[in-house]
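Novice: Before we start, here is the structure in question, set down as structure tokens.
Rule-based calculations on the coordinates, nothing more; no lab input. Keep in mind that what you see is a predicted model, and the values were worked out from it rather than measured. Every residue, glycine among them, receives a Cβ derived from its backbone with ideal geometry; neighbour counts consider all protein chains shown.
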Amino acid sequence: MESLKNKLIRFMVGRYGIDQLYYAGLFLALGLMMINMMVHSTILMILSNGLILLVVLRGFSRNINRRRIENEKFLKLWNPVKKEGRIFLRRIKEIRTHRYRKCPHCKKTLKLPIKRGKHMARCPECKTFFAVRVMM
Ligand SMILES: [Zn+2]
């Protein structure tokens, strides 16, 4: 007798499977469900269940190339958001010791140790001085 695992493996041969868009869809559906626990809307329920169905069916798709392109498009939108989110979290984590400022000349974001009041900072990239004001 064939094990369930082997059956599943055989079923998934030539099918797309799981990617970042899959996880994003599931998280979105989960978020909609959590909101729906408070508002009890039929539309939200249909939307979240439909989204899960769509994401799972997408994973079973045999049109691998098209699914890959979809995922690339998604990542093109998502990666900058993810990067900004990571920078934001780092700023919060280092709020007691550092401040982040953008160099007005080369636009590079610099991590500066806290020095309260107005002072001059030197950009290590373009070597120009610019005024920095740290309020608190
Ligand atoms: Zn600079």
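Novice: On each of the three principal axes of the Cα atoms of segment 96-136, give max minus min coordinate, whole Å, ordered largest first.
Specialist: In descending order, the Cα extents are 26, 16, 12 Å.
Novice: OK, next. Checking the a/c ratio against 1.5 first, then a/b against b/c, what shape does the Cα gyration tensor give for the chain?
Specialist: Numbers: a/c = 3.50, a/b = 2.22, b/c = 1.57.
Since a/c reaches 1.5 and a/b is larger than b/c, the shape of the chain is classed as prolate.
Novice: So who's got an amide H within less than 5 Å of the one on VAL132, skipping anything under 5 residues away but keeping other chains? H placed 1.01 Å off N, in plane.
Specialist: Answer set, sorted by chain and number: HIS119, MET120, ALA121.
Novice: With r as the distance between the Cβ atoms of ILE69 and PHE11 and R0 = 25 Å, compute the FRET efficiency 1/(1 + (r/R0)^6) and round to 0.05.
Specialist: Values: r = 24 Å, r/R0 = 0.94.
After rounding, the FRET efficiency stands at 0.60.
Novice: Please list, by residue number, everything in segment 1-34 whose backbone N is under 13 Å from a paramagnetic label point 7 Å out along Cα→Cβ of PHE60.
Specialist: Once the point is set 7 Å along Cα→Cβ of PHE60, 8, 11-13, 15-17 turn out to lie under 13 Å by backbone N, inside segment 1-34.
Novice: With a Förster radius of 41 Å, plug the Cβ-Cβ distance of ARG133 and LYS76 into 1/(1 + (r/R0)^6) and report the FRET value to the nearest 0.05.
Specialist: Values: r = 36 Å, r/R0 = 0.87.
Efficiency, rounded to the nearest 0.05: 0.70.
Novice: Now a separate question. Using a basic spin-label model with each label point 7 Å from the Cα along Cα→Cβ, how many nm lie between ARG116 and MET45?
Specialist: With each label placed 7 Å out from Cα toward Cβ, I get 5.6 nm.
Novice: Separate question: Along segment 93-105, what does the Karplus equation 6.51 cos²θ - 1.76 cosθ + 1.60 (θ = phi - 60°) give for ³J(HN,Hα), rounded to whole Hz, x for Gly and Pro?
Specialist: 4, 9, 5, 7, 10, 9, 10, 9, 9, 8, 5, x, 8
Novice: Let me ask something else about it. Would you kindly derive the ³J(HN,Hα) couplings of segment 73-81 from the backbone phi angles with the Karplus curve 6.51 cos²θ - 1.76 cosθ + 1.60 (θ = phi - 60°), listing them in order in whole Hz, with x for Gly and Pro?
Specialist: Per residue, the Karplus-derived 3J(HN,Hα) values read 4, 4, 5, 4, 7, 7, 4, x, 5 Hz.
Novice: Okay, next question. Once amide H atoms are built 1.01 Å from N in the peptide plane, which residues 5 or more positions from LEU110, or in another chain, come under 5 Å H to H?
Specialist: Hits under the 5 Å cutoff: ARG101, LYS102, CYS103.
Novice: Here's another thing I want to ask about it. In terms of modelled amide H atoms, which long-range or inter-chain residues lie less than 5 Å from the amide H of SER61?
Specialist: Under 5 Å from the amide H of SER61: TYR16, GLY17.
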